[in-house]
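One structure is given below, encoded as structure tokens.
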Amino acid sequence: MLISFIILYLLGTIAIGWWASRRVKTAKDFALAGRNLPLLVAASALFATWFGSETIMGASSEFIEHGVIGIIEDPFGAALCLILVGAFFARPLYRLNIITFNDFFRIRFNRRTELISAIFMVPSYFGWIAAQLVAMAIILNTIANVPLFWGIMICTLVVVAYTYIGGMWAVSVTDFVQTIMILLGLVILAAQLFAKVGSIDRLVEGAPEGFFRFTPQADLHHIAHYVAAWITIGLGSIPQQDIFQRVMAAKSADTAVRASYLGGAGYLIIGLIPLFIGLCGKVLYPELNSGDPQMILPQMVLQHSSLFLQILFFGALLSAILSTTSGAILAPATVIGENLIRPYLKDITDKKLLQIMRWSVVGVAICSAIMANWNSNIFDLVSQSSALSLVSLFIPLTAGLYWKKASCTGALVAILAGMGVWLACEIMGTAIPSLIYGGLASWVGMLLGTWLWPDDSYTDFTSSLKASSTN
């Protein structure tokens, strides 16, 4: 019965993608849903950006093992990211009327910056997508003993099917439906488990000392890792195309800002529910703690819940994974078409660009599936993904928007210095998280590059912004 439900759910998701595909007439429809999403749909899409396996399975396992201090990155850092996007980035970027983040780097700086930022951005998604594919494979393995490899292949085929045909319209509509499934499934499961636990006191008493500690110990090592946890997704995911596409798909700048705030608040509130479920499971079924921490929630539901609860939980989990994966695949595919291929093709038609973006969806999915088979740790895959954009793109984006003197050379040096230092620190294995060194190097690179090679690029940028606002 449970397997039948999952099959029907996957087929229903593909059907929604097919329905949404009727709205896709142009490349902008495919990438940005025609910039017509109302507030609730846009907020649901932003909420669903990361609410996938990393939140339900990865973060809950980290919480069970390390307590509150282990889940600062997600959901706290992820919620912070959406709120910061609404406060500082959504409105100015929306007014530019562009398709990708990398278009901003071209308008604000130059074509070279656009190209390098696109080259750095695309690979940053592979780990994120791979994490979702691994989670889907874990579900299929838990329920039906499907081998990990084939589980990854099934998930890849399903997500590619409806993303390929429906683009951002399919992503947004399914995100809205799946958000309802996620909320319903997690709330009912949490209520049922808490009824079995009986009281909050029992949950607190069973936790080790310091389990609910929110701040780090007062030494450099712990403080550095604490800061890194906040900024990995909190700042690192701001210059990401999946966030940008959801913001730009809103029907107005005001809607984009409000949707970001709603998405951030919803992410934090709903993101705490899987942690609560995991804690209940740890108290009720301690024998599950000896296995893979990522499997605790699925195994608990499968072994100790009714069929109704199994359907609710795995429906919510599937919803989260599919919504996250589809948007994550669409994002780099859009960048590949718009920023890496289009500039080298003369007089390219919109129909041809749409076709390129669709085939890019397939290519990104294949690369991510390969990576998923190399590394099956969900939390590690997600952390690697966000760190790439933090050390290379966050400083140029922020400086480009809010520092008039930021120059083209400064942006390039920031990208290259941040990435270079981060990679060097990763190889050496520094005690302080490498993304902190990379982020500082990017900031210093922007300052030195701008000071040594100033230009007037901000003047052209403001002219473009005024022109876009007028139109």
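Counting only complete DSSP H runs, which helices of the chain cover 15 Å or more along their long axis at the Cα atoms and score a mean Kyte-Doolittle of 1.6 or above? Intermediate results must be reported in sequence, preceding the final value.
Working: long enough: 2-20 (27 Å, 2.04); 111-144 (50 Å, 1.19); 148-197 (44 Å, 1.78); 220-234 (21 Å, 0.93); 253-284 (47 Å, 1.30); 307-335 (42 Å, 1.77); 350-374 (37 Å, 0.75); 378-392 (23 Å, 1.19); 408-428 (30 Å, 1.83); 434-452 (27 Å, 1.28); 457-470 (20 Å, -0.46).
Counting only whole DSSP H runs, the qualifying helices are 2-20, 148-197, 307-335, 408-428.
From the Cα gyration tensor of the stretch 223-336, with a ≥ b ≥ c the square roots of its eigenvalues, which class applies: rounded if a/c is under 1.5, or else prolate if a/b is larger than b/c, or else oblate?
Details: a/c = 2.21, a/b = 1.71, b/c = 1.29.
Prolate, because a/c is 1.5 or more and a/b exceeds b/c.
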When the chain is reduced to its Cα atoms, the Kirkwood hydrodynamic radius in Å: 22.4
Protection proxy ranking, peptides 71-80, 124-133, 95-104, 201-210, average beta carbon neighbours within 10 Å, highest first: 124-133, 71-80, 95-104, 201-210
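Multiply the residue separation of Arg111 and Ala195 by 0.36 nm, subtract the distance between their alpha-carbon atoms, and state the gained length in nm to one decimal.
Numbers: separation 84, 0.36 × 84 = 30.24 nm, distance 5.88 nm.
Extending this stretch completely gives an extra 24.4 nm.
Of the peptides 31-40, 141-150, 169-178, how do they stack up when ordered by the mean number of other Cβ atoms within 10 Å, highest first?
On the way: 31-40: 20.9, 141-150: 14.0, 169-178: 25.7.
The packing order, highest mean first, is 169-178, 31-40, 141-150.
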For the stretch 1-60 and the stretch 196-256, distance of Cα centres in Å: 23
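Given the -39500 (n - 2.57) contribution per DSSP H run of 4+ residues, what per-residue ellipticity at 222 nm results for the chain, rounded to the nearest 500 deg cm²/dmol? Before the final figure, lay out the partial values.
On the way: 21 runs with 348 residues, N = 471.
Estimated from H runs of four or more residues: -24500 deg cm²/dmol.
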Thr26-Tyr458 pseudo-label distance in nm [points 7 Å out on the Cα-to-Cβ vector]: 3.3
Two-decimal log10 I(q)/I(0) for the stretch 172-211, as the Debye equation yields it once each C-alpha is a single scatterer, q = 0.32 Å⁻¹: -0.97
Lysines whose Cα lies under 23 Å from that of Lys282, excluding same-chain neighbours fewer than 8 positions away: Lys196
Formal net charge of residues neighbouring Trp230 (Cβ-Cβ distance under 13 Å; K, R +1; D, E -1): -2
Largest-first principal axis extents of the Cα set of the stretch 293-380 (Å): 61, 28, 14
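For the chain, calculate the relative contact order in percent as a whole number, restricting contacts to Cα pairs under 8 Å that are 6 or more residues apart.
Numbers: 820 pairs, mean separation 143.7, N = 471.
Computed value for the chain: 31 percent relative contact order.
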Gyration tensor (alpha-carbon) shape descriptor, the stretch 63-165, a/c threshold 1.5: oblate
Sulfur and carbon atoms: percent of accessible area, the stretch 91-211 [1.4 Å]: 67
Asn373 versus Asn145: modelled label distance in nm, points set 7 Å from Cα along the beta carbon direction: 2.3
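If N is the number of residues in the stretch 150-262, what value comes out of its Cα radius of gyration divided by 2.2 N^0.38 Å?
On the way: Rg = 20.2 Å, N = 113, 2.2 N^0.38 = 13.3 Å.
The value comes to 1.53.
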Inter-part distance where the stretch 305-376 and the stretch 429-448 are each reduced to a Cα centre, Å: 30
Under 30 Å from the Cα of Lys25 - lysines, other chains or at least 8 residues apart: Lys251, Lys346, Lys351, Lys352, Lys466
Calculated FRET value between Leu184 and His222, using beta carbons and R₀ = 45 Å, to 0.05: 0.70
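Any idea what the relative contact order of the stretch 245-363 is, in percent, if you count C-alpha pairs under 8 Å spaced at least 6 apart?
On the way: 46 pairs, mean separation 17.9, N = 119.
Once divided by the residue count of the stretch 245-363, the mean separation gives 15 percent.
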Probe 1.4 Å, protein heavy atoms only - accessible area per residue of the chain in square angstrom: 39
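Compute the normalised compactness of the stretch 114-163: alpha-carbon radius of gyration over 2.2 N^0.38 Å, N being the residue count.
Values: Rg = 13.7 Å, N = 50, 2.2 N^0.38 = 9.7 Å.
Against the compact-globule rule of thumb, the ratio is 1.41.
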Estimated distance in nm for a label pair at Trp230 and Trp451, the labels positioned 7 Å out from Cα along Cα-to-Cβ: 2.6
Relative packing of 423-431, 190-198, 271-279, which averages over residues the other C-beta atoms within 10 Å, highest first: 271-279, 190-198, 423-431
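The values are calculated or read from the model by the stated rules, or taken from the named source; none is laboratory data. No experiment lies behind these values; they were computed from the predicted model shown. Positions of Cβ are generated from backbone atoms using ideal geometry, with glycine treated the same way; all protein chains shown enter the neighbour counts. What goes into the accessible areas is simple: the full protein's heavy atoms, side chains included, and nothing from ligands, DNA or RNA. Shrake-Rupley method; radii C 1.70, N 1.55, O 1.52, S 1.80 Å.
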